[in-house]
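**Q** I have a structure I would like to understand better, so I am pasting it below and will then ask my questions one at a time.
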Amino acid sequence: MTPSGSGPDLPPPPAPVEDDIDAEVRDDLNRWQSEGIEFVGRDGPRLFPATRREAVDRRDHFIAHRLPFYGAREETIRATDPWVFHSGLSTSFNLGLLHPLEAVRPAEAAYRAGSAPLSSVEGFVCGILGWRDYIWHLYWYLEAGSPAGRRPRGTPTVPPWFTRLDADAVRARCLSDTLAQVRDRGWVHHAQRLMVLANYALHRGWRPSEMVDWFHRSFVDGFEWAMVGNVVGMTPYADPGTMTTKPYAAGGAHLDKVSDYCTGCRYDFTKRRGPDACPFTAGYWAFLDRARERLHGNVRMTRALRQLDRIPDLPDVVAQERERGQTPP
Ligand code: SF4
């Protein structure tokens, strides 16, 4: 992992060229909107492949330009570069424009030709043949569409500023920029999904089943089978523990390590109290305090819980975050 959004600048992936079908779809959407159907996000040029040719071009561009850096930098988040080192091929797989093996085999060939290191190719292949397939089979194995992740009554619901992608209401740079990207593109890469969006929802205790619905509605690749495992099982550990061995929680220091967001944010990731307290740092400790009993005895959480016990002003941090509640940070 490289720090603070570092890495080479890369050319953007080839942009799809819209045609008559795009115009027809846009007309339909505009008409439905005028008839009262509500959509989420902003309209803009199509960014993802909708034809076989576009999907193949996107794949070839990734293999040539991004794959060599993928292994060391797949967690990197950059405010100025939505794609960073990712392929953006999930929609092509989901739409059947590209078979996953048609991405895996060229990646392997790039390794054999010496144009991509093993760490990158291994990470990419594991993501597709390993994780993607695991999530698919887990979905059917654990009963498709089951109400996994429902929490007891009283668990906070996802607030409207989040569901409506109101990035302008948010001052935390990481969350505001990520919400704006979802609003404008219907997509952000996996590190933003995990470390910013789902992480914040975990800190606030939002209902995992509602977060599944939100991802399903807001993302161009948010197919239900892909969202249930990733959103319920992974970050909030709400299945509970079927898929992962601990919640995927992190504070502001981790976000500073993997992104360039914290420089220039009005909050300070090193602070957990006061007007400059980072909502991710304070939220992380408040979450651990709330989940302390449930996580007790989980060896992977032992160190974090020990750190929690050494925080002298923990009651004040918890009270501050309770007061922050559902307001946009
Ligand atoms: S300081 Fe906190 S809120 Fe601001 S960008 Fe960093 S992690 Fe996000």
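A short reminder: the numbers here are calculations on the coordinates, not readings from a lab. Keep in mind it's a predicted model, so treat the numbers as computed, not measured. Because the Cβ atoms are built from the backbone with ideal geometry, glycine has one as well, and the counts that use them run over all protein chains shown.
**Q** Per residue and in cubic angstrom, what volume does the convex hull of the Cα atoms of the chain have? Let's see the in-between values first.
**A** Values: hull volume 48.0 nm³, N = 329.
Considering the Cα atoms of the chain, their hull volume per residue is 146 Å³.
**Q** Assuming 0.36 nm per residue, please report the length gained on full extension of the stretch A15 to Y141 beyond their Cα-Cα distance.
**A** Working: separation 126, 0.36 × 126 = 45.36 nm, distance 3.74 nm.
So the chain would gain 41.6 nm between A15 and Y141.
**Q** For the range 243-259, in order, what is each residue's ³J(HN,Hα) by Karplus, 6.51 cos²θ - 1.76 cosθ + 1.60 with θ = phi - 60°, in whole Hz (x at glycine and Pro)?
**A** Taking θ as phi minus 60°, the curve returns 9, 10, 9, 6, x, 8, 10, 8, x, x, 4, 5, 4, 5, 5, 9, 10 Hz for the range 243-259.
**Q** Moving on to the next point. In vacuo Debye scattering of the range 8-60, one point per C-alpha: log10 I(q)/I(0) at q = 0.21, 0.32 Å⁻¹?
**A** -0.86, -1.25
**Q** What does the charge count around Y111 come to, taking other residues whose C-beta lies under 13 Å from its C-beta (Lys +1, Arg +1, Asp -1, Glu -1)? The partial results should precede the final answer.
**A** Values: positive: R105, R112; negative: E108, E122.
Here the count lands on 0.
**Q** So, one more: Give me P(r) over the range 20-141, computed from all C-alpha to C-alpha distances, binned every 10 Å, as integer percentages.
**A** Going out from 0 Å in 10 Å bins, the range 20-141 shows 12, 35, 30, 18, 5, 1 percent.
**Q** Can you tell me the alpha carbon radius of gyration of the range 188-282 divided by the globular rule-of-thumb value 2.2 N^0.38 Å? Show your work: numbers first, answer last.
**A** Numbers: Rg = 14.0 Å, N = 95, 2.2 N^0.38 = 12.4 Å.
Against the empirical 2.2 N^0.38 Å value, I get 1.13 for the range 188-282.
**Q** Just how far, in whole angstrom, is the range 29-104 from the range 252-329 if you go by their alpha carbon centroids?
**A** If we compute the Cα centre of each part, the gap is 33 Å.
**Q** Hey, another quick one. Suppose only helical runs count, i.e. DSSP H with n ≥ 4. What mean residue ellipticity at 222 nm does that imply for the chain under -39500 (n - 2.57) per run, divided by all residues and rounded to the nearest 500 deg cm²/dmol?
**A** Values: 16 runs with 147 residues, N = 329.
After summing the helix terms and dividing by residue count, I get -12500 deg cm²/dmol.
**Q** Just to check I understand the Karplus step: with θ = phi - 60° and J = 6.51 cos²θ - 1.76 cosθ + 1.60, what whole-Hz values come out for the range 212-223, glycine and proline as x?
**A** Using θ = phi - 60°, the values come out as 4, 4, 5, 4, 4, 7, 9, 10, 5, 10, x, 4 Hz.
**Q** So what is the diffusion coefficient of the range 160-324 in µm² per second by Stokes-Einstein at 4 °C and 1.567 mPa s, using a Kirkwood Rh over Cα pairs?
**A** Details: Rh = 16.2 Å.
Using the Kirkwood radius from Cα pairs, D works out to 80 µm²/s.
**Q** To continue, here is another question. Put a dot 7 Å past each Cα toward the Cβ at D276 and I37; how far apart are the dots in nm?
**A** It works out to 4.9 nm between the two label points.
**Q** Once you put a point 7 Å from the Cα of C126 and another 7 Å from the Cα of A64, both along the Cβ direction, what distance in nm separates them?
**A** In this crude spin-label approximation the distance works out to 2.9 nm.
**Q** Just want the ordering: S209, S259, S34, from fewest to most Cβ atoms lying within 10 Å of their own Cβ. Don't skip to the answer; put the middle values down first.
**A** Values: S209 20, S259 26, S34 8.
Ordered from fewest to most neighbouring Cβ atoms within 10 Å, S209, S259, S34 come out as S34, S209, S259.
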